[in-house]
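The values are calculated or read from the model by the stated rules, or taken from the named source; none is laboratory data. Please read all numbers here as calculations on a predicted model, not as lab measurements. Every residue, glycine among them, receives a Cβ derived from its backbone with ideal geometry; neighbour counts consider all protein chains shown. The protein model used for the area step is the full one, side chains on, heavy atoms only, and it has no ligands, DNA or RNA in it. Shrake-Rupley method; radii C 1.70, N 1.55, O 1.52, S 1.80 Å.
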Amino acid sequence: MAQKKTPAKIRGVYERDRGSGVWWIRFAEDGKVRREKGGRRSDAVALYQKRKADVRAGIKLPSILRQRPVSISDLGEEAKKWYKDHGKRDLRTFIGRMDLIMKELGGRPADSVKPKEIDDWLSGHLEWSPATKNRYKTVLSKAYQLGLSGDRVSRNPVRSVERRNEGDGRIRYLRPDEEVRLKAAIARRYPGHMPALVFALHTGLRKSEQFGLRWCDVDMNRRVIIVPHPKNNRSREITMNETCFAVVENLYKNRPDDDRVFRSDRYKKRPIADIKKAFENALKEAKIEHFTWHCLRHTFITRLVQAGVDLRTVQYLAGHQSLAMTGRYSHFAPGLNQAAVRRLDQVVFN
C-alpha cells in the first residue's frame, strides 16, 4: 500500500500546532515580520501568495492586520490595572493569580486559545484543588470579559470551560485543646500576631477581609466592624464581643496611622499582607495538622452553630451569599435538630 505523500514545504506557510489542521503564514512588510492565520493549508498558501503580491505592489495591509495580536499578557496587565483603578479588595489575590497565568500562558495570542487548552492547563496543575482551579478560571475569564468590553478580543473561551465540582468541602475547626496549644506557641514565637489570631476567632472574617481592614471600617463607638464585600457593593456589620473589642481597642491606642488595622511589630509597623509562614511554624510547634488560617473562619461559624445561633443570623455574620452555604454547618447543632423532631411527640392525631 502506497504511503500518503507529505505535502512539499512552502516557505512562509506553517502549522503552528502540529496536527491541529490550522495553518499560518509569515511574511515581511516594511522590514517587520507579520503573522496571520490562514486556516486550511490550501487557504494559507493562497493567502501567503496574495500578501506577498500586495507587498511587492506596495499595497498596505489593513491596520488591524498590521497590529500585534493581543496576548493573554496584554489582557492580564489591563485587568490588573482595572482592578487597581476600581479599588477591589481582593486586588492582591487577583494579581497573584493573574501573574501566574501570564507566566504560563501569557505569550499566547488571546484569540487563538481554545477552551480545551485552558481546561488542559487547569488539569495539568495536579497540586491544585478543584476550588483553586475554579478561582484561576474566574480570574482568566474576568480578563477576557474586560477585553471583550474594550473590543480587544472577539470571544471569551473561558466561558466554555466547565467548572470543577468542589463538593461540600472539608470543615476543619479548632478544638479547645488545639486552641490552647496554638495560643501558647504563638505567644512564645510570635506574640505580635496574637491579636490577629484572637480577632479571627471572634469575627470569622476571611483572611483578605481581615488583613485589608482599615480603621475607617471600624466604628469604635458602636463597636461594629463594617466589612465591604470584595465582589460587590454590599457590606455587612460584625458586632464586636468583649474579647474582640478589647483586642481592637488596644490596637487602636497604639496605631501608627489611620490606615490598616493589623501591622507588623518587626517591620516598622508595615501592614501585614500575610502571616502564612509564621502561622505554619506555630501550627507545627503546637502539633496541629491539616489546618490553615481559613479554618479559623470555620471555627467561628461552627461555634456559633454549636451555641444555638439560628442559621439566618450565622449566614449574615459569615457573609455567605446563600443559606445553603451556611447549611453545611447545621450538623454541628444536633441538640437543636433533636429538639425539633421531638415536637412531633406532642402532636395528637384524632
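On the chain, 51 percent of the accessible area sits on carbon and sulfur atoms, based on a 1.4 Å probe.
Remark on the chain: Rg and Dmax equal 28.3, 100 Å (Cα only).
Rounded to the nearest 10 degrees, the inclination of helix 194-203 to the longest alpha-carbon principal axis of the chain is 90 degrees.
Per q in 0.15, 0.19, 0.20, 0.22 1/Å, what log10 I(q)/I(0) does a Debye calculation on the alpha-carbon atoms of segment 104-241 return? Here the Debye-derived log intensity ratios amount to -0.96, -1.11, -1.16, -1.26.
A simple rule links phi to the HN-Hα coupling: the Karplus curve 6.51 cos²θ - 1.76 cosθ + 1.60 with θ = phi - 60°, which for segment 209-216 gives 5, 5, 7, x, 5, 10, 5, 5 Hz, with x for Gly and Pro.
Within the listed set Ala273, Ala53, Ala196, the Gaussian network model of the chain (springs between alpha-carbon atoms below 10 Å) gives the highest mean-square fluctuation for Ala53. Between Val33 and Ala57, the FRET efficiency estimated from the beta carbon spacing at R0 = 22 angstrom works out to 0.70.
For the chain, the longest principal axis of the Cα atoms and the long axis of helix 72-85 meet at an angle of about 40 degrees.
In percent, how large is the relative contact order of segment 189-298, given Cα pairs closer than 8 Å and 6 or more residues apart?
Computed over segment 189-298, the figure is 32 percent.
May I ask for the distance between the Cα centers of segment 130-193 and segment 238-287, given as a whole number of Å? Cα centroid to Cα centroid, the span is 22 Å. Mean separation of Cα pairs under 8 Å and 6 or more residues apart, divided by the residue count, gives the chain a relative contact order of 12 percent. Taking 27 Å as the limit for the C-alpha separation, the pairs Lys32/Lys116; Lys9/Lys103; Lys80/Lys116 exceed it in the case of Lys32/Lys116; Lys9/Lys103. Under 13 Å of direct C-alpha separation, and excluding same-chain neighbours fewer than eight residues apart, Lys60 reaches these aspartates and glutamates: Glu29, Asp30. Against the longest alpha carbon principal axis of the chain, how many degrees, from 0 to 90 and to the nearest 10, is the axis of helix 91-105 turned? Taking the Cα atoms of the chain, the angle to 91-105 is about 30 degrees. With both labels modelled 7 Å from their Cα along Cα-to-Cβ, the Asp85 to Thr243 distance reads 4.5 nm. In the context of the full set of protein chains, the chain has a per residue accessible area of 62 Å² (1.4 Å probe). Run down the lysines and flag those whose C-alpha is under 28 Å from the C-alpha of Lys284, throwing out any fewer than 8 positions away in its chain. Straight-distance partners of Lys284: Lys133, Lys183, Lys207, Lys268, Lys269, Lys276. For a straight C-alpha distance cut-off of 14 angstrom, the aspartates and glutamates reachable from Lys287 (same-chain residues fewer than eight places away being disregarded) are Asp177, Glu178, Glu179.
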